[in-house]
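Please read the structure below before turning to the comments.
Please treat every number below as a calculation from the coordinates, not as lab data. None of the values given here were measured: they were computed from a predicted structure. Positions of Cβ are backbone-derived with ideal geometry, glycine not excepted, and every protein chain shown enters the neighbour counts.
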Amino acid sequence: MSDKILPTNIRLTLQPAPAWIAILALVFLCALCILAGAGKILNLAFPAGAFAVGLFLYFRYPVLYIGFSWWMWFLTPLVRRLADYRSGFSNPSPILLAPFLVTLITLITLWQNLPQTHRQGSLPFVFSSVGVFYGFCVGFILKTPVAAFLALLEWLAPVLLGYHLFLNWRNYPDYRQNIQRVFVWGVLVMGVYGIIQYVTMPEWDRFWLINTGFTTSGSPEPFGFRVWSTLNSTEPFAAMMAASLLLLLSNNQQKVLGVLASVAGYSALLLTFARSSWLGWLAGLLTLISSLKPKHRIRLIITLLAILILVIPLSTLEPFSDKVSERLETFSSLEDDNSFQNRQAYFKMVFGDALTSVVGVGIGGVATDNSILVMLFQLGWIGTIFYMGGMSLLVFSLCQSSEVGFDTFAVAARAAVISALVRLPINVPMLGVSGTVLWGFLGIGLAAHQYHHHQRQIKLRESLSQNQLNSLK
C-alpha cells in the first residue's frame, strides 16, 4: 500500500487504514487505562506501545511516522499527568520515555547509511553525534550509567531526527505536506489547551505542579503561573510554539484553520511569559520576511496583521494585560530583573572553569540554563568541537540555500532554526523538546535544499538533451 497522507479536506475515513488502526489502538489503550485508574500499567504500556507503533510506521508508512513522532512530543507529558492524577504520582515517569523511544527508531537510518555519509553530505550530523557519544562515554565513567543513558536520549534523539529527515530528501514534498498538517492541528490543540490551563488550572495539572514542586512555573491556581500547556515545562513549550507559529505563516493550504490555530498559539505563547522565546520568534520572523520574494512577503504581512488584530484584543483583557505588560517592561529594565541578574552573575562565576574543561564531566552532569556552559562542562572542549562543528556546518549550508525565495516552507524551517539559535546564550535549545525543534527543522530545511538542487539538475539535463536533439535536426 502506498504511503498516502490525508488531503486538506476532512474525510470520514482515515487512510491508510492499517496505520490509523495502530495509532487509534494506542489512543484507546491510553484512554482505557486513564479512565480505569490503571496509570501504573500505562507507565510501561504507553512507551512500549508507542515504540511498537512507531516501528510499524517507520517501515510501512514513513511519512506518517514523522507526524506520529511530532505528536508524541506534543502530547506525552499530558498523558503522564492524566495517568498520575488517576493513579498516583510517579517520578520518574516511564511514560516520558515514549517520544525519545519513537525518535530513536531513526538509529536504523544512521546504521544503514553510515558508510555513505561523506557521499550523501550528512557527515556534519555524524560529527555532532560523535560529540554526544563522547560526552556519554565520559558521563558513563564519571556519573551513574542510568543518568548517562537518560541524558543520551535528550542529546541524541534530536540529532537523529534531523539526520533522518535530511537523508529522506527525495520524499521532501510528502514530508512537507505532512509536517504542515501536523503543526496546524498541533498548534491548535496546544494553544487552546494552554489558554484553558491558564484560566481554569485543571486538577491534573495542579496535582502535577504540587508534587513536582516546580515553582518557576508559578503557583497552582488560575492566572497564577506561566503556561506550559500539554508539555512538561514553560520554556520547552514556548520554544515549540515560537517555531510552530513561524511554520504556520508559510501554510497557504489551510488558511482558516491556520488563522484559528495561530490566534490560539500566539495567545498561549504570550501566557508563557518566556522572553527568550518571544525574542526567538521575532528573530525568526525577521528572517522569514527578509528571505521571501515581494509577493510572498506582502501576503505574509497581511496574514500576520490579521492574526494580530484578533490576538491583541485578547491580550488587553484583564487579568492577562497586566502580567503581559509587566513582562514586556522588563526588557527596558534588565538591571532590575532578578532572573537576568542571577543568570549573569552565575555565568561570570563559572565561565572560567568552563573554559578549562577540556575533557568535561560527561552528559548528565552539570545542569544550567546556559547552553554554552552546558556544552563546555558536559562535553568538554573535545565533545563541543565535534558537536558545534557539525551543527555550524549544517547551519552554514542552510543559510546558503538559494531556493528558499519560492519555497515558503523552507524559509519557515530556516526561520525556526534561527529562532532556536538566538537563544543559545540564555537557554538550552538543543536538548529534548527544544532540541527536536532545532534539529528537526534543520534537517527538513536541508532536505528542501537538496531536493530543489536535484530538481534543478534534472531540468538542466533535460534542457541539454533537448538542445542536443534540436542540433541534430
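Pairwise Cα distances in the stretch 101-166 exceed 15 Å for 51 percent of all pairs. Positive end of the dipole of the chain, charges at C-beta (+1 Lys, Arg; -1 Asp, Glu), about the Cα centre: which of LEU142, LEU156, PHE125 has its Cα farthest in that direction? About the Cα centre, the residue reaching furthest to the positive side is PHE125.
According to the square roots a ≥ b ≥ c of the eigenvalues of the Cα gyration tensor, what is the shape class of the chain, taking rounded for a/c under 1.5, prolate for a/b larger than b/c otherwise, and oblate for the remainder? Please report the intermediate quantities before stating the final value.
Numbers: a/c = 1.28, a/b = 1.22, b/c = 1.05.
It is rounded, given that a/c, with a ≥ b ≥ c, falls under 1.5.
Residue-wise HN-Hα couplings along the stretch 371-387, as the Karplus relation 6.51 cos²θ - 1.76 cosθ + 1.60 with θ = phi - 60° gives them from phi, are 5, 5, 5, 4, 5, 5, 6, 7, 9, x, 5, 5, x, 5, 4, 5, 5 Hz; Gly and Pro carry x.
Provide the FRET efficiency to the nearest 0.05 for the ARG456-VAL259 pair, computing r from the beta carbons and using R0 = 45 Å.
Numbers: r = 34 Å, r/R0 = 0.75.
It comes to 0.85.
Dipole size of the stretch 21-166 about its Cα centre, with +1 on Lys/Arg Cβ and -1 on Asp/Glu Cβ: approximately 120 debye, rounded to the nearest 20.
As a quick test, which of the pairs LYS40/LYS323; LYS295/LYS459; LYS293/LYS459; LYS143/LYS323; LYS293/LYS348 have an alpha carbon distance above 32 angstrom in this structure?
Working: LYS40/LYS323 38 Å; LYS295/LYS459 25 Å; LYS293/LYS459 22 Å; LYS143/LYS323 41 Å; LYS293/LYS348 43 Å.
Table pairs above 32 Å Cα-Cα are LYS40/LYS323; LYS143/LYS323; LYS293/LYS348.
Charges on Cβ only, +1 for Lys and Arg, -1 for Asp and Glu, centred on the Cα centroid of the chain; of GLY435, ASN168, TYR85, which one is farthest towards the dipole's positive end? Of the options given, the answer is ASN168.
Charges were assigned to the Cβ only: +1 to each Lys and Arg, -1 to each Asp and Glu. The resulting dipole of the chain about its Cα centre is roughly 1540 debye. Test of understanding: extend the Cα→C-beta vector of ALA52 to 7 Å, then name every residue of the stretch 22-41 with backbone N under 18 Å from that spot. Zone members listed by number: 22-34, 38-41. Within the stretch 14-114, the proportion of C-alpha pairs whose separation exceeds 17 Å stands at 50%. For the chain, the residue among TRP278, ILE309, SER465 whose Cα projects farthest onto the positive side of the dipole built from Cβ charges is SER465. Each pair of Cα atoms in the stretch 131-203 enters the Kirkwood radius, and Stokes-Einstein at 10 °C and 1.306 mPa s then converts it into a translational diffusion coefficient of 101 µm²/s. Mean residue ellipticity at 222 nm, helices only, the chain: -25000 deg cm²/dmol; runs of at least 4 DSSP H residues each add -39,500 (n - 2.57), and the sum is divided by the number of residues.
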